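Novice: Attaching a single structure in structure tokens format; questions to follow.
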Amino acid sequence: MKRIILLFLLAAVLLTACKDEGKTEQGVKVSPSAAEPTKQVPDPNDTKTDPGSQKGGVLTGVTAPEIVDPPVVTTVFMNGRKVAEVTDMESATITDAGILYKLCTMTGRYKADAEYHILNTETGEDRKLGTIRDEGYETRYNRVELNGKIYTLIVKGELDREELQSLILLEIDPAGALTEQVICKDGFAYAMLARCNDCLLIGNHGQSGEKADSVYLYDPKDGSVKEVLRYQEGTQPLRQIYSDGKQVYVLLARAEDGKTQLVIETYDLQFNKLSERDITALGEKANTGEIPDEWGGDEFLMHVSRFIVTESGIMYYENFSVTHFLLNLETGEILRDTDAFLAALGGNGELYFDMMKGFEPERDKPNYIYMLDGTKLTRTEYIASDPWYYIMSMSVSNNGTLMMVLEYSDLENINPDLPPMMIIQ
């Protein structure tokens, strides 16, 4: 599969969208730079570049061929200039220091040795920061940049084992260091991480004893960890946490009398409860589908990857299943609701994209980017260098650099002349 990663200054993208006067049905078109190059890359179906053909091995009638995924070579461009090539890049997001990504070597069914790297998008320098042995899962969807460091949550070992796993906060220093901080001994893989001014909020579903849900406050200045909220009785209602720097928002899924209530609790920065709001009806209005009964049958009991509440009263909800929606909490208006509607990682909920082209591949289907300004949602059409590319993911750094990951949807006719990755500033 061909992949492209494009970087822009977010301000330039927002400025382009503003020219559309905020209309959600009429978007302007944003094209790649005219200097955007194309380059021949190895064809994974070509035996001359197949990794097995370079090992000198001979297959016999009694020897089964080893099934090996062909390597994906990602070519990095900056302002039309090639700066690097990376093989088998995983979990890439943009940060102020460059592209944070991993190289993973499987060591078990679900675990891998994960090398963390930073790629400088100006010079092409690739720095290995360190290796996490037997990493089982990383909450890439909740990576946080704070004071020059990058934070994420991990658990180690096989995810299907019965033994308890520690929830670990991983501090990534782009200068070249990984530091692990154990948050609790009974960690849950799909944990939650959010910035709260100069501290971090961490949410966990306890896996031992009463299996209580907890919200922890972590202070990077002294490494202290404090439990600030706790939900007991084994109901595990905690779904996500968010802070706008003035208040803390906790999303809960309460199961009562066979029905799930979706609730937002609001706290001040000292974690005194200010209000509680049931948004079940709004969530049901925006629900984009039902999950199968064998999965539990209740969409709102699913774990949540993104939860944002803006100062203008706009809420974004994105779970691991099919419900993704953006709504106005004051008016109840649904601004956008589709399974393919996704928030950019990082940022403050101002940027979204539509991945529908990846779900329903069509050559001439547009790629859409959405900008949220206050309560106004503006749609912009993005035109890639090849009409079969669709937006797979987006991330935004603190300094306002936007990174788009594009993947190729016409798998039967992949164009080998397109570089898997391009950088445009």
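The values are calculated or read from the model by the stated rules, or taken from the named source; none is laboratory data. Just so it is clear, the structure is predicted and the values come from calculations on it, not from any experiment. As a convention, Cβ positions derive from the backbone with ideal geometry for all residues, glycine included, and neighbour counts pool all protein chains shown.
Novice: Taking into account only those residues within segment 371-404 that are without any contact (Cβ under 8 Å) to a residue 60 or more places away in the chain and under 20 Å from R306 (Cα atoms), which is farthest from the chain's Cα centre (by Cα)?
Specialist: I391
Novice: Further, regarding this structure: Name the single residue that is farthest from I150 (Cα to Cα) among those in segment 105-139 being among the polar types (S, T, N, Q) and in a loop (DSSP other than H, G, I, E, B). Reasoning before the result, please.
Specialist: Quick first cut of segment 105-139, residues among the polar types (S, T, N, Q) only: 105, 107, 120-121, 123, 131, 139.
When the remaining residues are screened for being in a loop (DSSP other than H, G, I, E, B), the result is 107, 120-121, 123, 139.
Working: T107: 25, N120: 15, T121: 17, T123: 20, T139: 12 Å.
Among those that are among the polar types (S, T, N, Q) and in a loop (DSSP other than H, G, I, E, B), it is T107.
Novice: Filter segment 217-248 for residues that are of a type outside the set (S, T, N, Q), at pLDDT 95 or above and crowded, with 19+ Cβ neighbours inside 10 Å and give the result.
Specialist: Y218, L229, L238, R239, I241, Y242, V248
Novice: Would you confirm, using the coordinates I've provided, whether L167 is in contact with a Gly (Cβ under 6 Å, 6 or more places away or on another chain), modelled with pLDDT of 95 or more and under 22 Å from G346 (Cβ atoms)?
Specialist: It is true that L167 is in contact with a Gly (Cβ under 6 Å, 6 or more places away or on another chain), modelled with pLDDT of 95 or more and under 22 Å from G346 (Cβ atoms).
Novice: Continuing with the same structure: Condition check: within 27 Å of E265 (Cβ to Cβ), touching a helix residue (DSSP H, G or I) at 6+ places or on another chain (Cβ under 9 Å) and crowded, with 18+ Cβ neighbours inside 10 Å. Does L153 satisfy that?
Specialist: In short, yes.
Novice: From the list L274, L269, pick out the single residue that is out of contact with any Leu (no Cβ under 9 Å at 6 or more places or on another chain), in a strand (DSSP E or B) and not basic (K, R).
Specialist: L274
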